[in-house]
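**Q** Here you go, one structure.
The values are calculated or read from the model by the stated rules, or taken from the named source; none is laboratory data. Everything quoted here is computed from the prediction, not taken from an experiment. Ideal geometry is used to build each Cβ from the backbone, glycine not excepted, and the neighbour counts take in all protein chains shown. Just the protein is used for accessible areas: all its heavy atoms, side chains included, with ligands, DNA and RNA removed. Shrake-Rupley method; radii C 1.70, N 1.55, O 1.52, S 1.80 Å.
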Amino acid sequence: MVGEALNLRQKALAQNEEDLLDTAVREHARLVYRIAYSVLRNPSDAEDATQEVFLRVLRYGKKMSGIDDQKAWLARIAWRVAVDRRKSMAKLAGGTEEAGETLVAPGHGADRVLLEQERSATLERLISALPGPLRDALVLSTLEEIAPREVAVMLGISEAAVRSRSFRAREILRDRLVALAESRTESKTEPRTGPRT
Amino acid sequence: MDPTNTNTNKNKDRDVEQWLDSALSQYGNVEPRTGLDSRVLANLQAERNRLASRQRWWWAVGAVAAAVAIAAVVGIGENSRRRNPERVAETSMPTHHEEARRSIEPAPVPVPQAARSAKEVAQQRPANQPSHELAVAATPKLDQFPSRRSLSAEELLLVRRLNEPSGKEALLGAGATRAEGDLSIDSLEIRPLQIPDIESSESKTN
């Protein structure tokens, strides 16, 4: 009788854990995907990383019922998984991190799509050229679901450091954008002296 | 400084700032392909099934290993029992010889002091002899001589007789007189060889 009761209780707990994990997938899979995408900049890689995050939770993870803030916990795991994948991909690619695909929001006109594609590509290049700590803080700050406090926990730094790094990253980006815009303006106003090679 | 230039720069900075805000919000605003949740859930369910089947497999392997271990232990025990059956029988039940000896054997005869001391001296180990040799000699070689033959009733009587102080001399003396008796000849007469005269014999024949 006691054994049966224990067995039933274990089954109920396991079922409860399964339900909790399924609920976490439904609630936070999008956030996990976004975090992975912000690091990997590739939809397929981001989806693979998302699958890996939840598989890790299933295989090695603690009891979901014992986690206070599941969102922050999953966000940390997603960040680690994505960074590990980026490192391994960089090793496979011979040390160069490739820029991801450009992201275009559907449902716009052709000129708008082209403009956004160009803007995304420019921004990708500029962000990938940032120093690593500044880039991580900026990229995670752009995700609207994550508060600066959670970003600080994920990166292992203080909240003030997150704000400061994001601010510095934005300054660098702004300066480079201004420089880029000026150089384009100059190249447009310059008279053509000879035939293009 | 030209105020128009300052205004132009301010406008430019504002434009860049707006552009940056918009681009960064677009940068983080990505949507996964539709059905990400269901794909993840299906993958999780497949992993759960795989883990469950692996667990069942480990249980089966564990049960087989335990059965093999038990069979090995039982087999080893049986083998050792078959190898030394006499020893087991000796330790478990007394033999017929032992029972007969117990029934015949009288109360222990007191050994005289001289004989006992001589026996003790003979049993004493020499100083240069290692102890393990004695131990080897003391243990019977059961694998070579599996059944030790106990003394028969006659032999036991003879041993008793020998252990008595006067019995030994009496036995030896009796043997010696019998041997001498065998050799003694009561009356032996050897007559001289008589050779008949040759001439007389020839004349007789003619």
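**Q** When both residues are 6+ apart or on different chains and their Cβ atoms are under 8 Å apart, which pairs have a first residue that lies in the stretch A:56-68 and is within 14 Å of chain B (Cβ to nearest Cβ), and a second that is modelled with pLDDT under 80?
**A** Sorted first by the residue in the stretch A:56-68, then by its partner, the pairs are A:VAL57/A:MET64; A:MET64/A:GLU17.
**Q** Does A:ASP22 satisfy being modelled with pLDDT of 80 or more, more than 10 Å from every other protein chain (Cβ to nearest Cβ) and open to solvent by 10 Å² or more (accessible area, probe 1.4 Å)? If you could, list the steps in order and put the result at the bottom.
**A** On the way: modelled with pLDDT of 80 or more: yes; more than 10 Å from every other protein chain (Cβ to nearest Cβ): no; open to solvent by 10 Å² or more (accessible area, probe 1.4 Å): yes.
Here the answer is no, as A:ASP22 does not meet what is asked.
**Q** Got a sec? Which of B:LEU36, B:LEU41, B:LEU51, B:LEU20 is in contact with a Phe, Trp or Tyr (Cβ under 8 Å, 6 or more places away or on another chain), within 9 Å of another protein chain (Cβ to nearest Cβ) and open to solvent by less than 70 Å² (accessible area, probe 1.4 Å)?
**A** Working: B:LEU41 fails: in contact with a Phe, Trp or Tyr (Cβ under 8 Å, 6 or more places away or on another chain); B:LEU51 fails: in contact with a Phe, Trp or Tyr (Cβ under 8 Å, 6 or more places away or on another chain); B:LEU20 fails: in contact with a Phe, Trp or Tyr (Cβ under 8 Å, 6 or more places away or on another chain).
None of the other options fit; the residue is B:LEU36.
**Q** Moving on to the next point. If I ask for residues that are open to solvent by less than 10 Å² (accessible area, probe 1.4 Å) and at the interface with another protein chain (Cβ under 10 Å from one of its Cβ atoms), which ones from the stretch A:39-55 would you list?
**A** A:ALA46, A:THR50, A:VAL53, A:PHE54
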